[in-house]
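The values are calculated or read from the model by the stated rules, or taken from the named source; none is laboratory data. This structure is a prediction, so every number in the text was calculated from the model and none was measured. Please note: Cβ atoms are built from the backbone with ideal geometry, for glycine as well, and neighbour counts cover all protein chains shown. Protein only, heavy atoms only, side chains kept; ligands, DNA and RNA dropped before computing areas. Shrake-Rupley method; radii C 1.70, N 1.55, O 1.52, S 1.80 Å.
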Amino acid sequence: MVYYVEDDKNIREIAVYALKQAGIDARGCADDAEFRVACAERVPSAVLLDIMLPDASGLDILARIRKDPKLKNVPVMMLTAKDAELDKVQALDSGADDYLSKPFGIMEMVSRTRALMRRSGRTPSEDERPALVVGDVTLWPERREATVGGCELQLTMREFDLLEFLMREPGVVFSREVLLQRVWGWDFDGGSRTVDVHVQQLRAKLGDAADLIETVRGVGYRVRG
């Protein structure tokens, strides 16, 4: 798992999406507070850390990482302003393993992240969690791949996220409001009809396995357990 700590939502979401598409499990954190929560839940394999954050300096966070017994060996790549040579020097002197100047190319970011994980002795495949399997449907979260009856499913990003979320809790019923919050995000301003449309699209793509997703009248949806 790679944590990308960046307060710019657009940059963060694009980068996390690109990492996932490259087979690297990734999670975005908007600030230090969110990063702390993520680290408490799971120790990352690598961290991409912006120097300028709303609630802390990236350099201070780096110093804390290097003092934390659980995190001190986690490789860290600092994200610095294009011409901020002093930031780069301070980052490396403070224990950063690499730095990347902003703005950066997405492909370079992915490549540098792979290199960062190789130097730490970890690879994306080693960090991969087991596949989710319900009925004839198998889903690999880190690879962003899913199959039904052994045939690959061609899913959009949101369809995949919705299917993954439901498959993680088979038998549990989720309301449309909860699905909107957990899959689309708190700041999504679309209506609950969005969930219905995506469920319809998923069922169409699942074909004979469409009944995997059940409608619970008056409540919402679940993946049958």
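Things to note:
- Candidates 206, 57, 103 compared by Cα position along the dipole of the chain: farthest toward the positive end lies 206, with charges placed on Cβ.
- Each Lys and Arg contributes +1 and each Asp and Glu -1, all at the Cβ; summed about the Cα centre of the chain, the dipole is approximately 440 debye.
- Between residue 203 and residue 147, full extension at 0.36 nm per residue minus the direct alpha carbon distance yields a gain of 18.8 nm.
- Modelled FRET efficiency - R0 35 Å, residue 177 with residue 92, Cβ distances, 0.05 increments: 0.15
- Helical contribution to [θ] at 222 nm, DSSP H n ≥ 4, -39,500 (n - 2.57), averaged over the chain, rounded to 500: -11500 deg cm²/dmol
- If R0 equals 25 Å, the separation of the Cβ atoms of residue 21 and residue 169 corresponds to a calculated FRET efficiency of about 0.50.
- Most fluctuating residue given options 48, 86, 62, as computed from a GNM of the chain linking Cα atoms under 10 Å: 86
- Spacing of the modelled spin labels on residue 33 and residue 10, each 7 Å from Cα toward Cβ, amounts to 2.5 nm.
- Solvent-accessible area, 1.4 Å probe, carbon plus sulfur percent, for the chain: 49 percent
- The simple spin-label model puts a point 7 Å past each Cα toward its Cβ; for residue 107 and residue 67 those points are separated by 4.2 nm.
- Selected from 74, 37, 199 as most flexible by GNM, with the chain as the system and alpha-carbon contacts under 10 Å: 37
- Top of 159, 41, 142 by mean-square fluctuation, Gaussian network on the chain, Cα under 10 Å: 41
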